[in-house]
Each structure stands twice: as C-alpha cells, then as structure tokens.
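Read through the structure below, which is laid out as structure tokens, and then see the notes.
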Amino acid sequence: GENVEQHPSTLSVQEGDSAVIKCTYSDSASNYFPWYKQELGKRPQLIIDIRSNVGEKKDQRIAVTLNKTAKHFSLHITETQPEDSAVYFCAAGSQGNLIFGKGTKLSVKP
Amino acid sequence: SQTIHQWPATLVQPVGSPLSLECTVEGTSNPNLYWYRQAAGRGLQLLFYSVGIGQISSEVPQNLSASRPQDRQFILSSKKLLLSDSGFYLCAWTPGSGNEKLFFGSGTQLSVL
C-alpha cells in the first residue's frame with residue numbers, strides 16, 4: 001500500500017520568509033496529491049492539490065510541485081504571514097483513497 | 001452547495017461504554033464517505049470508507065465499526081470503548097466519479113476515561 005513521509009515535522013520561519021514542506025510517496029499508482037491546513041481544534045481544510053499529469057500549480061502565495069520520477073512533492077508558501085501558522089498535511093492516493101503524511105507544524109514569527 | 005454535518009462536537013465516555021457518531025452530507029448524491037481518526041498531535045488515519053449504501057471497507061482492524069444505512073449518512077460505532085479509542089474523529093466525503101477532492105466534517109473530540 002501507499003506510504004507517505006513528510007518533512008520537517010516542525011518549521012519556524014520569520015514573517016515574510018518562505019516555507020517549504022516536502023513529502024515522498026511510495027506507490028507509483030498514486031495520481032492525486034492534495035495539501036491540507038489544520039488550525040488547532042479545527043477540521044483540515046484543502047488549500048491546494050495537484051494531479052500527476054501536472055508538474056506545478058500555483059495559487060497566490062502557495063504553490064505545489066510534483067516530481068513523479070522521484071515520487072516527491074512539495075508545498076511552497078511565500079511571503080509568510082502569522083495567519084499561515086498551522087499544521088500542514090500532505091496526502092497521496094488515487095480513486096478517493098488518500099494516505100496522509102504525519103503533518104508539519106508551521107510557526108510564523110511576527 | 002454541499003455541506004457535511006458531524007455530531008456531537010465533543011464526547012466524554014467511560015471505558016466499556018458504546019459509541020455512535022453520526023455524519024450526514026447534504027447537496028450531493030452517492031458520495032464516497034470516510035471516517036478518519038487523529039490522535040493528539042498525530043496524522044490522519046483512515047478507519048473506514050464507503051462507496052455506496054451498505055458498502056463498507058475497513059482499513060485498520062479495531063473494535064470500531066461503520067455503517068451506511070442511507071446514501072448520505074455514515075455512522076461510526078463501538079460496542080465497548082477502549083482508552084486507546086480517544087482521539088479526534090473526522091468524517092469526510094468526496095463527490096466520487098473521478099472527483100477526488102476530500103472535504104472534512106467539523107470533527108468529534110472523543111475522550112474515553
């Protein structure tokens with residue numbers, strides 16, 4: 001089955017800096033790679049996703065890149081703001097079955 | 001628009017007591033439905049998923065069970081709770097038919113004492 005590794009587990013950046021979170025997956029059949037943001041005590045919210053036929057996708061300050069050959073994908077947040085502080089989860093899968101990484105706690109210091 | 005409702009928001013139960021968590025989705029038909037568990041400070045573990053009424057797949061052996069009595073209703077149950085069942089339980093859905101975007105309910109914080 002699919003296995004997803006996510007790094008780092010914690011990340012602290014200064015406001016305005018960029019943040020990068022990386023994930024690797026094991027199952028070459030996975031074709032869908034979403035990213036979720038979870039604030040304390042709340043539900044995970046989908047922030048961006050990418051499919052295997054696309055190498056990069058951008059939405060304002062966030063972007064995701066996918067390297068199918070190496071089986072890794074990354075989340076990039078530019079010009080970080082304190083409200084970006086949260087736990088971020090990557091996931092990989094296909095046909096609606098997603099396996100999640102263990103999460104990255106991002107802290108943005110004002 | 002589609003919405004997902006999950007209740008209760010918090011629950012404190014003694015060890016050995018039964019459990020029933022309910023989730024409903026509105027504004028769509030024949031969704032794929034999921035139950036995830038999140039232990040404190042941990043990732044999201046898929047427990048059950050369903051692609052249709054009465055169709056349940058289990059990802060992790062445990063003392064929990066799931067049922068889908070109606071198209072947009074998904075229930076998580078246990079006959080006897082264990083301490084290790086404590087956690088944040090999240091119901092989720094996807095539209096299915098090739099649309100894999102997964103949307104979560106608001107979650108139930110379960111504490112087994």
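The GluC sites (Glu not before Pro) of the stretch A:1-96 that meet both conditions, a loop assignment by DSSP and at most 14 other Cβ atoms within 10 Å of the site Cβ, are A:Glu15, A:Glu39, A:Glu79.
Across the stretch A:41-46, computed HN-Hα scalar couplings (Karplus, 6.51 cos²θ - 1.76 cosθ + 1.60, θ = phi - 60°) run x, 10, 6, x, 10, 5 Hz from first to last residue, x flagging Gly and Pro. Among B:Gln62, B:Gln73, B:Gln45, the largest mean-square fluctuation in a Gaussian network model of chain B, built with springs joining Cα atoms closer than 10 Å, belongs to B:Gln62. Computed from backbone phi with θ = phi - 60° and the Karplus coefficients 6.51, -1.76 and 1.60, the 3J(HN,Hα) list for the stretch A:78-94 is 9, 6, 4, 10, x, 6, 7, 4, 4, 9, 10, 10, 9, 8, 9, x, 7 Hz; x is used for glycine and proline. With each label modelled as a point 7 angstrom along the Cα→C-beta vector, the B:Ser111-A:Ser52 pair spans 4.4 nm. Building the convex hull from the alpha-carbon atoms of the protein assembly as shown and averaging its projection over directions returns 12.3 nm².
For A:Glu15, nonlocal amide neighbours, meaning residues 5 or more places apart or on other chains whose placed amide H falls under 5 Å from its own, are A:Lys109. For chain A, the extents of the C-alpha atoms along the principal axes are 41, 27, 19 Å, listed from largest to smallest.
Net charge dipole, the protein assembly as shown: roughly 280 debye, given to the nearest 20, about the Cα centre with Cβ charges of +1 for Lys and Arg and -1 for Asp and Glu. The Kirkwood radius of the stretch A:61-110, taken over pairs of alpha-carbon atoms, gives through the Stokes-Einstein law at 37 °C and 0.692 mPa s a diffusion coefficient of 262 µm² s⁻¹.
Length, then width, then depth: along the principal axes, the Cα atoms of chain B run 40, 26, 21 Å. Given R0 = 30 Å, the distance between the Cβ atoms of B:Leu83 and B:Ile53 translates into a calculated FRET efficiency of 0.35.
Residues considered: A:Ala92, A:Ala63, A:Ala29. Largest GNM mean-square fluctuation over chain A, using C-alpha springs under 10 Å, is found at A:Ala29. Taking the Cα centre of the protein assembly as shown as the origin and placing charges on Cβ (Lys, Arg +1; Asp, Glu -1), which of B:Ala66, A:Gly16, B:Ile53 is farthest toward the positive end of the dipole? Farthest towards the positive pole: B:Ala66. Mean sequence separation of contacting Cα pairs (under 8 Å, at least six apart), scaled by the length of chain A, corresponds to a relative contact order of 37 percent.
Residues B:Leu44, B:Leu113, A:Leu11, A:Leu106, arranged from fewest to most other Cβ atoms within 10 angstrom of their Cβ, appear as B:Leu113, A:Leu11, A:Leu106, B:Leu44. Sorting the Cα pairs of the stretch B:54-100 by distance into bins of 10 Å, from 0 upward, gives 20, 51, 25, 5 percent per bin.
When both bridge partners sit in chain B, DSSP labels roughly 90% of those beta bridges antiparallel.
Along the stretch B:77-82 the Karplus relation, 6.51 cos²θ - 1.76 cosθ + 1.60 evaluated at θ = phi - 60°, assigns HN-Hα couplings of 9, 8, 7, 9, 6, 10 Hz to successive residues, with x for each Gly and Pro.
Read-outs throughout are calculated quantities, based only on the coordinates presented, and are distinct from any laboratory measurement. On a predicted model such as this, the values are computed, not experimentally measured, just so you know. Glycine also receives a Cβ, built like all others from the backbone with ideal geometry; neighbour counts cover every protein chain displayed.
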